[in-house]
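Enquirer: Have a look at this one.
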Amino acid sequence: MELFTKNCRYIDLQQIYDKGDGIINIAEESNQIPFNIKRVYSITGLKKNSDSRGHHAHKELQQVIFCINGSFKLIVNDGLNEEEVILNTPQKGVYLGEELWHAMSDFSANCIILVLASDLYKEADYIRDFNEFKTYIKKID
Ligand code: T46
């Protein structure tokens, strides 16, 4: 199944079931990950149901977001289309390209989010207001 939102698609990791003792999930730059990885961060300690994160877009940053334990809901919006994705396996992530509004919610118990990012943290790259995001993408399209 494909995502129809612009600048957004599923990323499938290579999995190795070698000895029957667990599974190795592999993300390599230039193979599964379509950019040079400059930053890796995780989000832990999420409270079931009540927490909600994201609610912003990035002007240039590209990321791939994974749920490496539990599950959560990801909403992506390109200014025209919006869709919801449930992430619940370490094998499948979502590529979040530039100029894409996104939010995460509905975290399960012990949900762990892992993100690979194309750049260091830069607050100037964020658009944190949805109306500002809509104006921004109209200007650059
Ligand atoms: C994103 C989604 C998927 C830093 O100082 N450095 C960092 O590397 C990060 C990730 C955050 N921060 C600071 C900036 C804010 O003061 O931590 C605070 C919360 O960051 P933010 O509002 O970006 O957190 P989330 O969970 O809403 O968003 C995060 C990523 O930051 C963001 O790029 O796309 O996860």
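Each value in this text was obtained by applying a stated rule to the coordinates, not by laboratory testing. This structure is a prediction, so every number in the text was calculated from the model and none was measured. Using ideal geometry, Cβ is built from the backbone for each residue, glycine included, and neighbour counts are taken over all protein chains shown.
Enquirer: Being closer than 11 Å to Gly54 by Cβ and in contact with a His (Cβ under 9 Å, 6 or more places away or on another chain) is the filter here, so list the residues in region 105-130 that pass it.
Expert: Passing the criteria: Tyr126, Arg128.
Enquirer: OK, next. Considering (1) over 16 Å from Ala117 (Cβ atoms); (2) touching a Cys at 6+ places or on another chain (Cβ under 9 Å); (3) surrounded by 14 or more Cβ atoms within 10 Å (Cβ to Cβ), say which one Thr44 fails and leave the rest.
Expert: (3)
Enquirer: Name the residues in region 54-74 that are more than 11 Å from the ligand (Cβ to nearest atom) and in a strand (DSSP E or B), would you?
Expert: Keep residues of region 54-74 that are more than 11 Å from the ligand (Cβ to nearest atom), which gives 59-60, 67-71, 73.
Selection gives Cys67, Ile68, Asn69, Lys73.
Enquirer: Return the residues of region 37-53 that are over 26 Å from Asn131 (Cα atoms) and either within 16 Å of the ligand (Cβ to nearest atom) or among the aromatic types (Phe, Trp, Tyr) (or both); say none if nothing qualifies.
Expert: The answer is Ile37, Lys38, Arg39, Val40, Tyr41, Ser42, Ile43, Thr44, Gly45, Leu46, Lys47.
Enquirer: Working only within region 14-23, note down all residues that are out of contact with any Phe, Trp or Tyr (no Cβ under 8 Å at 6 or more places or on another chain) and of a type outside the set (D, E, K, R).
Expert: Listed by number, the residues that qualify are Gln14, Gln15, Ile16, Tyr17, Gly20, Gly22.
Enquirer: Tell me, which residue of region 1-51 that is touching a Leu at 6+ places or on another chain (Cβ under 9 Å) and basic (Lys, Arg) is farthest from Ile86 (Cα to Cα)?
Expert: Ranking the candidates gives Lys38 first.
Enquirer: Same structure, new question: Which pairs have Cβ atoms under 9 Å, sit 6 or more apart or on different chains, and link a residue in region 123-135 that is more than 12 Å from the ligand (Cβ to nearest atom) to one that is acidic (Asp, Glu)?
Expert: Short answer, once both residue conditions are applied: Phe133/Glu99.
Enquirer: Yes or no: Ala57 under 17 Å from Asn131 (Cα atoms) and buried (at least 21 other Cβ atoms within 10 Å of the Cβ)?
Expert: Details: under 17 Å from Asn131 (Cα atoms): yes; buried (at least 21 other Cβ atoms within 10 Å of the Cβ): yes.
Yes: the conditions hold for Ala57.
Enquirer: Do you know which residues across region 80-121 are in contact (Cβ under 8 Å) with a residue 40 or more places away in the chain, charged (D, E, K, R) and touching a Lys or Arg at 6+ places or on another chain (Cβ under 9 Å)? Before you say what the answer is, go through the steps one by one.
Expert: Going through region 80-121, the residues in contact (Cβ under 8 Å) with a residue 40 or more places away in the chain turn out to be 80-83, 85, 90-121.
Still in the running and charged (D, E, K, R): 82-83, 92, 98-99, 106, 119.
Answer for region 80-121, where residues must be in contact (Cβ under 8 Å) with a residue 40 or more places away in the chain, charged (D, E, K, R) and touching a Lys or Arg at 6+ places or on another chain (Cβ under 9 Å): Glu98, Glu99, Asp106, Asp119.
Enquirer: Identify all residues within region 27-53 that are part of a loop (DSSP other than H, G, I, E, B) and free of Cβ contacts under 8 Å to residues at least 40 places away in the same chain; write none if there are none.
Expert: Quick first cut of region 27-53, residues part of a loop (DSSP other than H, G, I, E, B) only: 27-28, 30-32, 34-38, 44-52.
Within region 27-53, Glu28, Ser30, Asn31, Gln32, Gly45, Ser50 meet the criteria.
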